[in-house]
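Data first, discussion second: the structure below is written as structure tokens.
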Amino acid sequence: MPTDFSFVHFTDTHIMAGGAWDNGQVDTSASLRRVIETINALEPAPAFAIVGGDLTSPDLLDRGRTLASDEWMPSYRLLREIVGGLRCPAHFLLGNHDDRPAFHRVMGDRTTNLDATQHWSFDHGGCHFVGLDSLVPGKPWGEINAPQLEWLDADLRTHRGQPTLVFVHHHPWPLGLAWMDAMSLRNGEQLISILEHHPAVRWIVCGHVHQDYEVQRGSLTMLTTPSTCFQVSKVSQTYKVLAGPPGFRVVRVSGPALATRVLHLHGANGAAGL
Ligand SMILES: [Fe+2]
């Protein structure tokens, strides 16, 4: 039986060392610092954080060329410094704006096989948590490669019966927003077919879409979490980005029950006016 605890999911931090997004309109570092300040103030304190990909995006500062891997490293160093302010451990996923070798070199201790996918699982309080890597270098859409799918199926078999939450950057199910759905998880149905064979999997939690959504099919619910910096319009069907407000998700586990809420940070100052 799971014990009671909470954790946070924050995503699409889009750290860009040496610049700000949209010609200086959105300072993604300042935005993330405010989110972390708010997370640190949460009562009860979260046991851990899951950071959902698009961790850094120096590519957005110079869309006219393809950046070398080394050019991501200052942004990962800045991310490491900011996330170092969290009072709980953090588990990282990668998104379409990330760079695997630079991530491994700065955020991990890996010195070989720098193209290895960043997937993991762990247990906490009787629940099982799984993170998948959907990054396809150079592409806005995502895919879970075959070795990860095999690993996932085996991992879920090993943890059969434990309430399980799966995390991945790209959304596997369409949201009805055509331009965003064109860059979803390309083999989403393949992933879902594996998850549906494991009824202990309750939620799949995504980033990428810079909006909060809930989609339910059968016993499986997909949640998406807004970005810690800029958001996407919920009104327009065309690409329209909003400067904020920063947001993140809190999940509360109480025995067999899962509850969640999205917090948005309103106002220019303070930690969400809480
Ligand atoms: Fe993003």
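When you look at V235, is it of a type in the set (A, V, I, L, M, F, W, C), at negative phi and part of a loop (DSSP other than H, G, I, E, B), yes or no? When the stated conditions are applied, V235 passes them.
Contact map, segment 111-122: residues that are without any contact (Cβ under 8 Å) to a residue 24 or more places away in the chain paired with residues that are assigned to a loop (DSSP other than H, G, I, E, B), Cβ distance under 9 Å, separation 6+ or inter-chain. Pairs shown: D115/P137; A116/R110; A116/D133.
Residues checked against (1) out of contact with any Pro (no Cβ under 7 Å at 6 or more places or on another chain); (2) surrounded by 15 or more Cβ atoms within 10 Å (Cβ to Cβ); (3) not hydrophobic (A, V, I, L, M, F, W, C):
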{"position": "D12", "(1), (2), (3)": "yes, yes, yes"}
{"position": "M16", "(1), (2), (3)": "no, yes, no"}
{"position": "Q25", "(1), (2), (3)": "yes, no, yes"}
{"position": "T28", "(1), (2), (3)": "yes, yes, yes"}
{"position": "V35", "(1), (2), (3)": "no, yes, no"}
{"position": "P44", "(1), (2), (3)": "yes, no, yes"}
{"position": "D54", "(1), (2), (3)": "yes, yes, yes"}
{"position": "S57", "(1), (2), (3)": "yes, yes, yes"}
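Yes or no, residue by residue, for (1) surrounded by 14 or more Cβ atoms within 10 Å (Cβ to Cβ); (2) aromatic (F, W, Y); (3) within 16 Å of the ligand (Cβ to nearest atom):
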position: L93; (1), (2), (3): yes, no, yes
position: D99; (1), (2), (3): yes, no, yes
position: T117; (1), (2), (3): yes, no, no
position: V136; (1), (2), (3): yes, no, yes
position: P140; (1), (2), (3): yes, no, yes
position: D155; (1), (2), (3): yes, no, no
position: T158; (1), (2), (3): no, no, no
position: G161; (1), (2), (3): no, no, no
position: L165; (1), (2), (3): yes, no, no
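Looking across segment 206-229, the residues that are in a loop (DSSP other than H, G, I, E, B) and either over 14 Å from the mean Cα position of the chain (by Cα) or more than 16 Å from the ligand (Cβ to nearest atom) (or both) come down to G218, S219.
Checked against the criterion of being at pLDDT 95 or above and within 15 Å of the chain's Cα centre (by Cα), the candidates W173, W203 yield just one match: W203. Only one of the numbered conditions (1) within 16 Å of the ligand (Cβ to nearest atom); (2) assigned to a helix (DSSP H, G or I); (3) touching a residue at least 40 places away in the same chain (Cβ under 8 Å); (4) crowded, with 19+ Cβ neighbours inside 10 Å is violated by I50, and that is (2).
The values are calculated or read from the model by the stated rules, or taken from the named source; none is laboratory data. Values in this document were obtained by computation on a predicted structure and should not be read as measured data. For neighbour counting, all protein chains shown are included, and Cβ atoms are generated from backbone atoms with ideal geometry for every residue, glycine included.
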